[in-house]
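Student: Below you'll find the structure I mean.
The values are calculated or read from the model by the stated rules, or taken from the named source; none is laboratory data. Here the structure is a predicted model, which means the values were calculated and not measured. So basically every Cβ, Gly included, is an ideal-geometry build from the backbone, and we count neighbours across all protein chains shown. The protein model used for the area step is the full one, side chains on, heavy atoms only, and it has no ligands, DNA or RNA in it. Shrake-Rupley method; radii C 1.70, N 1.55, O 1.52, S 1.80 Å.
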Amino acid sequence: LSPMLWNSIATGKLADKHGILGFMEPDPDRTGARPVSSLSRTSKAIWNILNQEGYRSNVTGWWASHPAEPINGAIISNMFNQVRRNPLRVPPGTIHPESRSEELGDLRVEPTELTEADILPFIPKAGGIDQREDSRLRAFAKVLSDCASTQAVTTRLMEAPDWDFTAVYFDTIDHFCHGFAEYHPPRRPHVSEEDFEMFKDVIRTAYRFHDIMLAKQLELAGPDALVVLCSDHGFHTGGLRPSGTPREPAGPAVWHRDMGIFVMSGPGIKKDERVYGANIIDITPTVLAAMGLPVGEDMDGRVLLDVFERPPELRTIPSWEDVPGDAGGHPPGTMIDAEWS
């Protein structure tokens, strides 16, 4: 489940330690359920650790980062794309610092702002879709506009020269795959020729679009940046694709491959080498070691020593949870705005 996995990436810990167990959690009064939030996390994320060490961070779109924590830097929470229309509003607590809410909120891209030039590379025959009968183009436009919004706000933050660490989560490939992987070549027996011809290019073009966005981020980060690219799982696009999705909350997971992707690049990192045995819980320990910081002994992940040309000196502390100082967390008693919970 994505919130669980991305908080394992951010903490180096399994869910029993970081406290994010799924998409929902009981309400405080135990009468219902609400989405998990940054208040649900019981361990420091890497940006909290870096905050204590005097680093400045940008975090965009991370699962369960709402409400945005008051770190030294900026957090655009996972609610950024959940705007209300009429009037257009970004949920309270979405943007830290709040003083940048109008500036960064204006970078939201609406589906209605997309043009033919934006859509046709993905769906060249989109003009032939009867949108009164077929909602797939509208669903596509929502995912693409959300992706553009995330990229816009991330690059705005990266354009400033005073940051040390940036973390951004894109859900676009996952959403596109759930919506359009069944139309990806080769055509499956249950997919009509008409649907195949209409939507066969979506997945391939989505990856190309992400390459374009990544190129811009790399340009802004500069040649001396340490870069980690990872996913929490893979996706079946070949012969292992299921013919349908179970009608249950975790049903879409039947499309997931257990194996995702891990790529690391930068000064002191081996080039053109394969990495074996990497796990999502290894990301934070490895980044901490690369930055010369100790790894918490209570972290479940390990430092991926094989990625380094010269392995860093490994230092440990019992737990970052016990290190005093300003971690940029919410003060006690912080509540979620009930209107948006």
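Student: List the extent of the Cα atoms of region 25-99 along each of their three principal axes, largest first, rounded to whole Å.
Tutor: If we take the Cα atoms of region 25-99, the spans are 39, 32, 16 Å.
Student: Determine the sum of side-chain charges near residue 148: Lys and Arg each +1, Asp and Glu each -1, restricted to other residues whose C-beta is under 10 angstrom from that of residue 148.
Tutor: Its environment carries a net charge of -3.
Student: Taking every pair of alpha-carbon atoms in region 170-265, what share in percent sits in each 10 Å bin, from 0 to the bin with the longest distance?
Tutor: Values per bin, smallest distances first: 14, 41, 29, 13, 3.
Student: Also, quick follow-up: Working from the pairwise distances between different alpha carbons, so that the mean of 1/r is found and then inverted, what is region 266-341's Kirkwood radius in Å?
Tutor: Numbers: mean 1/r = 0.0673 Å⁻¹.
Kirkwood radius, region 266-341: 14.9 Å.
Student: How far apart, in nanometres, would the label points at residue 160 and residue 279 be if each is projected 7 angstrom from Cα along the Cα-to-Cβ direction?
Tutor: It is 3.6 nm.
Student: Given the Cα atoms of region 111-217, and with Rh set as the inverse mean 1/r over their pairs in the Kirkwood sense, what is Rg to Rh to two decimals?
Tutor: Rounded to two decimals, Rg over Rh is 1.03.
Student: Using DSSP to define loop residues, name the trypsin sites (Lys or Arg not before Pro) in region 112-213 whose beta-carbon has at most 11 other beta-carbon atoms within 10 Å.
Tutor: Filter output for region 112-213: 132.
Student: Residue farthest toward the positive end of the dipole of the chain, with Cβ of Lys/Arg at +1 and Asp/Glu at -1: which of 67, 36, 235?
Tutor: Of 67, 36, 235, it is 235.
Student: Distances over 15 Å make up what percent of all Cα-Cα pairs in region 38-79?
Tutor: So the portion of pairs separated by more than 15 Å is 33 percent.
Student: Next up: P(r) tail for the chain, what percent of Cα pairs lie past 24 Å?
Tutor: Taking all Cα-Cα pairs of the chain, the fraction more than 24 Å apart is 59 percent.
Student: In the P(r) worked out for region 301-341, what percent of Cα pairs fall beyond 11 Å?
Tutor: When all Cα pairs of region 301-341 are counted, 80 percent exceed 11 Å.
Student: I've got another one for you. Please identify, among 296, 266, 128, the residue showing maximal mean-square fluctuation in a Gaussian network model of the chain using a 10 angstrom Cα cutoff.
Tutor: Ranking 296, 266, 128 by mean-square fluctuation puts 128 first.
Student: Separate question: Residue 98 to residue 250: extension gain in nm, 0.36 nm per residue of separation minus the Cα-Cα distance?
Tutor: Roughly 51.3 nm would be gained on extension.
Student: Follow-up question, since we're still on this one. In whole Å, what are the Cα extents of region 52-195 along the three principal axes, biggest one first?
Tutor: Projected onto its principal axes, the Cα set of region 52-195 covers 57, 34, 25 Å.
Student: For region 1-157, give the magnitude of the charge dipole about the Cα centre (Cβ charges: +1 Lys/Arg, -1 Asp/Glu; no others), in debye to the nearest 20.
Tutor: 300 debye
Student: Expressed in nm to one decimal, what extension gain is obtained for the pair residue 131 and residue 14 from 0.36 nm per residue of sequence separation less their Cα-Cα distance?
Tutor: Separation in residues times 0.36 nm, less the Cα-Cα distance, equals 37.8 nm.
Student: While we're on this one: What is the helix-to-structure angle for 202-221, meaning the angle in degrees between its Cα long axis and the longest Cα principal axis of the chain, kept from 0 to 90 and rounded to the nearest 10?
Tutor: Helix 202-221 and the main axis of the chain meet at about 30 degrees.
Student: Before I look further, what does the chain give for accessible area per residue, probe 1.4 Å, in whole square angstrom?
Tutor: 52 Å²
Student: Output the pairs from 200/270; 13/216; 13/270 with a Cα-Cα distance over 28 Å in this structure; if there are none, say none.
Tutor: 200/270; 13/216
Student: At 1.4 Å probe size, with the rest of the protein present, what percent of the exposed accessible area of region 1-69 is carbon and sulfur atoms?
Tutor: Answer for region 1-69 is 56 percent, counting heavy atoms of protein chains only.
Student: Also, quick follow-up: Once the other residues with Cβ under 13 Å from the Cβ of residue 206 are scored (Lys, Arg +1; Asp, Glu -1), what is the net sum?
Tutor: Working: positive: 200, 204, 208; negative: 118, 146, 171, 174, 201, 211.
Taking every other residue near residue 206 into account, the sum is -3.
Student: In nm, to one decimal, how far is the residue 193 label point from the residue 115 one, both placed 7 Å along Cα→Cβ?
Tutor: 3.6 nm
Student: Where does region 229-306 land on the Kirkwood hydrodynamic radius, alpha-carbon pairs, in angstrom?
Tutor: Every distinct Cα pair counted, the radius reaches 14.9 Å.
Student: While we're here: Once you have the Cα-Cα distance between residue 314 and residue 106, take 0.36 nm times their residue separation minus that, and quote the gain in nm to one decimal.
Tutor: Here the answer is 70.5 nm.
Student: For region 189-341, what is the convex hull volume of the alpha-carbon atoms per residue, in Å³? Could you put the intermediate results ahead of the total?
Tutor: On the way: hull volume 34.6 nm³, N = 153.
In region 189-341, the Cα hull volume divided by residue count equals 226 Å³.
Student: Taking amide hydrogens as modeled 1.01 Å from N in the peptide plane, which residues meet the under 5 Å criterion relative to residue 60, leaving out close sequence neighbours?
Tutor: 76, 167, 168, 169
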